[in-house]
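Below you'll find the structure, written out as structure tokens, and then a few comments.
The values are calculated or read from the model by the stated rules, or taken from the named source; none is laboratory data. Bear in mind the structure is a predicted one, so any value in this text is a computation, not a measurement. Note that we place each Cβ from the backbone using ideal geometry, even for glycine, and neighbour counts take in every protein chain shown. Surface accessibility is based on the protein's heavy atoms, side chains included, excluding ligands, DNA and RNA. Shrake-Rupley method; radii C 1.70, N 1.55, O 1.52, S 1.80 Å.
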Amino acid sequence: MLEAMKKMDKTVRLARVAGIVLPMLLLPALAMAQDAASAEQAERISELGTGINTVWMLLAAMLVFFMQPGFALVEAGFTQMKNTANILMKNLVDFMFGALLFWLVGFGIMFGVGSFAGCPHLADLDSMAQLLNNGLPIEGFLIFQTVFCATSATIVSGAMAERTKFSMYLVYTVFISVLIYPVSGHWTWGGGWLMNGNEGSFMMDLFGVASHDFAGSMVVHSVGGWIALVGAAILGPRIGKYGKDGRSKAIPGHSLTLACLGVFILWFGWFGFNPGSQLAADTASAQTAISLVFLNTNLAACAGGVVALFVSWMKYGKPSLSLTLNGILAGLVGITAGCDVVSPLGAVLIGLICGTVMIYAVEFIDNKLKIDDPVGASSVHGVCGTLGTILVGLFAEEGGVFYGGGFGLLGAQTFAALVVAVWAALMGYILFKVLDKLFGLRVSKRIEEEGLDIYEHGESAYNH
């Protein structure tokens, strides 16, 4: 009995020791297993975040692509029926050609390594992925940037509508997509000197801050707008636009219905254009930023349209639908640069300013400069794109003049906007002058009078 009790006591002591020793021996293994599970969970969360961001970026790209039919309808509606097929064809062509050329050359020039311009990688996306390394699939980022490039190119067609040779349109679309837009884009979104905020950079030394253009008032819209203005000036006005006394005569578009539908589509697409530039939606801060941009974009559009309605009413005695439509677009263009850094009140004020200035810009360009812009593209995109970029220096909640930030940001915005405007206008002037001298930009008088549809394309948009 005593021997049995001793054996039991020994067993109990061994069990106690095992209860202490075994967990100590298993602890590292358990810790390693837990670490592996945590790492796997973190990797899955990271992949989920990347997936959310990728889907958001591609959804935004779809919305921006949908702006192409918006531009097509606005331009077609504001121009004459006999040129509708020509307008629609050009809006198809600038995306088809632009997408291929930007993939092949323009993407590398815009985001590649280089001081004045990036090095073209000729469709080598693997090299571009190593350079950018922004956590997003390079293929998705390329298509997102492609639709922005196409927007800049399509702006030009409206200002030069109803008298430009289709062949010449193809040529200058190529140059915009592979040179003019990508180079100025490299200076800004491509990490170039205008938006380089590193210590010792040109902008930091000069202004103490780099310029800011969140979604493209300057990078996209002003580039297209100033090229459009120069192109329309070199091309000359449409037949019958100005009388012998020099006074401007209205040449009504054939369908304000199409124009209005086009503006609604553009307004809808802008909710990809601006909020999509956030490129991330996987965190609370990103979601708040997207929501603010969405709100500011809509408020500026509404304010621009409202003020254009009332200013046109007071100025011309009737509330003009065409000017109201362009007022909406002016507000959208103006807010695009600073939609992420201004308050909702600031967005409304920017919309009001741009909607008002647009009307006087249209009148000045038409009556004083005698430049015939059938759709007002140079006023909406050129003037309001530059103005919206500059207004960031006043209304930005951090660094803006009205928020006690001094004049550094205002100086940087003004300087950058002027540099990009001069670049676009100068390159546009050289391009159009050369094309005009070598081949002639303009169709013959007979083709212009009878319509470009039949002579340039052999078909008409309307069979009656």
| message | I want to confirm something. Restricting to the stretch 275-301 and keeping residues that are surrounded by 18 or more Cβ atoms within 10 Å (Cβ to Cβ) and more than 21 Å from Gly135 (Cβ to Cβ), which single residue is nearest to the chain's Cα centre (by Cα)? | response | Thr297
| note | Every listed condition ((1) in a loop (DSSP other than H, G, I, E, B); (2) crowded, with 24+ Cβ neighbours inside 10 Å; (3) modelled with pLDDT under 95) holds for Ala250 save (2)
| note | Of the residues in the stretch 420-464, those that are not small (Gly, Ala, Ser) and not in a helix (DSSP H, G or I) number 8
| remark: When Ala228 is run through (1) within 15 Å of the chain's Cα centre (by Cα); (2) open to solvent by less than 40 Å² (accessible area, probe 1.4 Å); (3) of a type outside the set (Ser, Thr, Tyr), the failure sits at (1)
| For the stretch 102-128, what are the residues that are open to solvent by 40 Å² or more (accessible area, probe 1.4 Å) and among the aliphatic types (A, V, I, L, M)? | Leu104, Val113, Leu122
| field | Which numbered condition Gly411 misses (of (1) touching a Phe, Trp or Tyr at 6+ places or on another chain (Cβ under 9 Å); (2) in a helix (DSSP H, G or I); (3) within 23 Å of Asn296 (Cβ to Cβ)) | value | (3)
| Among the residues of the stretch 78-96, is there at least one that is free of Cβ contacts under 8 Å to residues at least 60 places away in the same chain and touching a helix residue (DSSP H, G or I) at 6+ places or on another chain (Cβ under 7 Å)? | yes
| request: Take the residues in the stretch 410-425 that are in contact (Cβ under 8 Å) with a residue 60 or more places away in the chain and open to solvent by 10 Å² or more (accessible area, probe 1.4 Å), then tell me which one is nearest to Tyr181 (Cα to Cα). | output: Trp423
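Please verify whether Gly200 is assigned to a helix (DSSP H, G or I) and farther than 30 Å from Ala76 by Cβ, treating the condition exactly as stated. Show your work before the answer.
Values: assigned to a helix (DSSP H, G or I): no; farther than 30 Å from Ala76 by Cβ: yes.
The answer is no for Gly200.
Got a number for residues in the stretch 345-356 being open to solvent by 10 Å² or more (accessible area, probe 1.4 Å) and under 25 Å from Met195 (Cβ atoms)?
2
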| said: What pairs come out if I take residues in the stretch 341-358 that are under 16 Å from Gly400 (Cβ atoms) and pair them with residues that are surrounded by fewer than 20 Cβ atoms within 10 Å (Cβ to Cβ) whose C-beta lies under 7 Å away, six or more apart or interchain? | reply: Val341/Glu397; Val341/Glu398; Val342/Glu397; Ser343/Glu397; Pro344/Leu295
| message | Looking at the stretch 161-180, can you tell me whether even one residue there is open to solvent by less than 10 Å² (accessible area, probe 1.4 Å), of a type in the set (Phe, Trp, Tyr), touching a Ser or Thr at 6+ places or on another chain (Cβ under 8 Å) and in contact (Cβ under 8 Å) with a residue 12 or more places away in the chain? | response | yes
| task | Could you tell me which of the residues Phe432, Phe439, Phe395 is over 19 Å from the mean Cα position of the chain (by Cα), closer than 28 Å to Lys82 by Cβ, open to solvent by less than 20 Å² (accessible area, probe 1.4 Å) and among the aromatic types (Phe, Trp, Tyr)? | result | Phe432
| Taking the condition hydroxyl-bearing (Ser, Thr, Tyr) and either out of contact with any helix residue (DSSP H, G or I) (no Cβ under 7 Å at 6 or more places or on another chain) or outside any helix (DSSP H, G or I) (or both), does Ser152 pass? | no
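Would you pick out the residues in the stretch 40-63 that are open to solvent by less than 100 Å² (accessible area, probe 1.4 Å) and either touching a Phe, Trp or Tyr at 6+ places or on another chain (Cβ under 7 Å) or under 13 Å from Gly272 (Cβ atoms) (or both)?
Val55, Trp56, Met57, Leu58, Leu59, Ala60, Ala61, Leu63
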| field | Residues of the stretch 358-386 satisfying the condition of being open to solvent by 10 Å² or more (accessible area, probe 1.4 Å) and either of a type in the set (D, E, K, R) or under 17 Å from Leu299 (Cα atoms) (or both) | value | Glu363, Asp366, Lys368, Lys370, Asp373
| request: Please determine, by comparing only the residues of the stretch 442-464 that are over 10 Å from Lys82 (Cβ atoms) and polar (S, T, N, Q), which one is modelled with the highest pLDDT. | output: Ser444
| Enumeration of residues in the stretch 443-456 that are crowded, with 17+ Cβ neighbours inside 10 Å and among the charged types (D, E, K, R) | Glu448, Asp453, Glu456
| field | The one condition in (1) under 22 Å from Met358 (Cβ atoms); (2) surrounded by fewer than 23 Cβ atoms within 10 Å (Cβ to Cβ) that Gly304 fails to fulfil | value | (2)
